[in-house]
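The structure appears below as structure tokens.
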Amino acid sequence: MKSILKKSCLVLTATMMLASCKKFDEINQNPFAANGDQVQTEYFLDNAIVGAQQDPGLSERMFILYWVVGGRALQDEDGDTFSRGGFVDDWASAYYGQSSQWQNNATSAITIGTDQIAKGKAKVYTANLVQVARIWRAYLMSEFADTFGPMPINGFQGVNPEYSDVKTVYYYILSELKDASSKLDLTVTNPGDLAKWDPAYGYDYAKWRKYANSMRMRLAMRLSEVDAQKAQSEFEDAAKGGDFIKDASEMFSVQESKGWDPLASVFRRESSWMGLPISATYNNLAVNLGSVKSADQLSSSFQSAIKPADYLGQRYFDQFATKTNDPMAGYWLDGLPNVIDPRAYKIFSIPGNTTDVNYPAIGDSFTTFTGPLKDASGATIKTLNAKNTWNAKADGNWGNKVVRNQPIVTNGVKPLLNMVYRGGTNRRVFFGPWETYFLLAEAGVRGWNSPVAAQTAYETGIAKSFEYFGTSANLSTYTASTSYNRAGTSVAWNHTTEPGDTHSMNYQDGISGTNGTVSVAYAKNNLYQSGSVRNDHLTKIITQKYLAQVPWLPLETWNDHRRLGLPFFENPAVEEPMANLPDLNASNYMTGSIKFLPQRVQYPSNLKNSNAAGYSKAVSALGGADAVLTPLWWAQH
């Protein structure tokens, strides 16, 4: 047993070695783990799965302040650090260390199970658990590599780990998923108490194989822009048998808890500043998309607040940021949108709707809906009332406008993530059936062999998402819709007519009350087809995939955007220059560039300080500076 633990405790840095070995000492003292032949493989694997749910302290630092911000799933005030190209070492260090421990636990399960099999000491299910551990470790490695970049593929295996480039890492992960899933024996009958050690599938091996194949499809598609032949061959091989996640019963998800532990909601961190409001990206994609009217979604108490379809809002150019390509820059919708994707009201609470049991009335700033707007002299010129309104704030540097606009930094004035996702009663989703179908739809658009036709897969993906959010009653209206959102994209598969560059909208001057008409530009996405295309099939697919993934899968929405430039992400506001985004300025904010958006998380300083040679190898494999704006191998360059 000592030799096994010695191998298992090889970690990426000296700091992690101490933490991981201490953890294994605790496990080894557990009555379930008497010696190397009796250690329960499932105990290590359970720790690997549970730990990766991220306790509130870690989820705040990585899931929310990096992934959520990078993927524009929500908007967070402290996330301005990352959206502005900044980096906080402690946030990255916390995840780096803990992810290494999860991978360590998964590797221990593999090593111990393999050793028991070789000695003839294995249980009937041990071989399957080894394969499950390989599948889960493959996911953990992809999560780590998509966050930082180069990493070891030979860690925890009795040798000093060597950092490999992202291509090598991806090839290894894809190989592991294929081999491990093929070795699962679905005829094995588990003892009754084994299921409790698997919080995702209860060791239903058929579901683990489906998950492995869906994961192969996800990761193969990640290579579409840089290694098309490998992407296609891996994807087609994974998809050809149709043995992948298709419905809610096969979803990879883990039950959350109401405590302060690794199973707590990733949105559990309760504080006066973490409002988790709707992002400008989500808002721009959801408003006017799908032809489902707010009047048909909301109760009678909201009807008077719903605005006409051709109404943009109130104009406040002196109080709201205008130096951004956000189509709503400078405007405030003083009511509710006429049409909005029906999932939006399921995820976010309407400002002021505190009688709703799911409203996140966590602190004073969550239940404050009014605030002063000021002029350049500092004098209050109007009190803004956000009750029954629907607005989002673009991240970035608002300059002196943030001083003139107290409401915009107050949580309660924006739609906030509701308690359905914060309260610890939900299951955290790692892979939903909608993602499988959107992947199949993209494969079809690319001309790859797929067991499901592109249009069918696209519409099924939407249907699976609507089923999850409880909006299926709106499905037929939604999928037939030809109305454009603010990015110029519609839902209907056969409606690929481009919207034109502008459309006419009514507005009101917020100070004088004077009404007017303005020509509003649909968002121009320079990162995709040089901004010339807004409504083709791929844009539709990735728009719907993004809307389906929020709020659970921000790393995937970030990955898709880094890979394709889709869907449209508005630039951070640049009322004043931002030191970490030097290429974004007052003369080019209406264009798009990967230099305006974060591309990865820097390695924590303790890697460089404790393993200088390893750090040097990692940066060399990265192919650029260890910086937030350095793109990964598979991403746009």
Exposure rank, largest accessible area first [Thr502, Thr324; 1.4 Å]: Thr502, Thr324
Leading residue at positive end of dipole, the chain (Cβ point charges), from Leu384, Tyr170, Gly120: Gly120
Relative contact order [Cα under 8 Å, 6+ residues apart], the chain, whole percent: 19 percent
Net dipole in debye of region 519-592 [+1 Lys, Arg Cβ; -1 Asp, Glu Cβ; about Cα centre; nearest 20]: 340 debye
Tilt relative to the chain, helix 554-564 - C-alpha long axis, 0 to 90 degrees, to 10: 80 degrees
Nearest 10 degrees, 0 to 90: helix 228-239 Cα axis against the chain principal axis: 70 degrees
R0 of 30 Å, Cβ-Cβ distance Ala309-His637: FRET efficiency to nearest 0.05: 0.15
Value of D in µm² per second that Stokes-Einstein yields for region 83-139, Kirkwood Rh from Cα pairs, at 10 °C (1.306 mPa s): 121 µm²/s
Farthest positive-ward along region 230-368 dipole, Cα basis, beta-carbon charges - from Phe235, Ala321, Asn358: Ala321
1.4 Å probe accessible area per residue over the chain, in Å²: 34 Å²
Most positive-pole-ward Cα, Ala106, Asn400, Gly423, against dipole of the chain from beta carbon charges: Ala106
Lys, Arg +1 and Asp, Glu -1 on Cβ, resulting dipole of the chain about Cα centre, debye, nearest 20: 440 debye
Tilt relative to the chain, helix 433-445 - C-alpha long axis, 0 to 90 degrees, to 10: 80 degrees
Over region 524-637, relative contact order from alpha-carbon pairs under 8 Å, at least 6 apart, %: 25 percent
Pairwise Cα inverse-distance average, inverted: Kirkwood Rh of the chain (Å): 25.3 Å
Ranked order, Thr460, Thr557, Thr482 - accessible area, probe 1.4 Å, largest first: Thr482, Thr460, Thr557
Listed peptides 381-394, 126-139 by packing density, highest first (mean Cβ within 10 Å): 126-139, 381-394
Dipole magnitude of region 211-341 about its Cα centre (Cβ charges: Lys, Arg +1; Asp, Glu -1), debye to nearest 20: 200 debye
Solvent exposure ordering (accessible area, 1.4 Å, most first) of Asp583, Asp237, Asp318, Asp560: Asp318, Asp583, Asp237, Asp560
For peptides 590-599, 505-514, sequence by mean Cβ density within 10 Å, most packed first: 590-599, 505-514
Sorted peptide list for 437-450, 526-539, criterion being average Cβ within 10 angstrom, highest first: 437-450, 526-539
Computed Rg/Rh of region 397-506, alpha carbon atoms with Kirkwood Rh: 1.08
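The values are calculated or read from the model by the stated rules, or taken from the named source; none is laboratory data. Just so it is clear, the model here is predicted, and its values are computed rather than measured. Here Cβ is always computed from backbone atoms with ideal geometry, including for glycine, and neighbour counts include all displayed protein chains. Ligands, DNA and RNA are stripped out before the accessible areas are found, and what is left, the full protein with its side chains, is counted by its heavy atoms. Shrake-Rupley method; radii C 1.70, N 1.55, O 1.52, S 1.80 Å.
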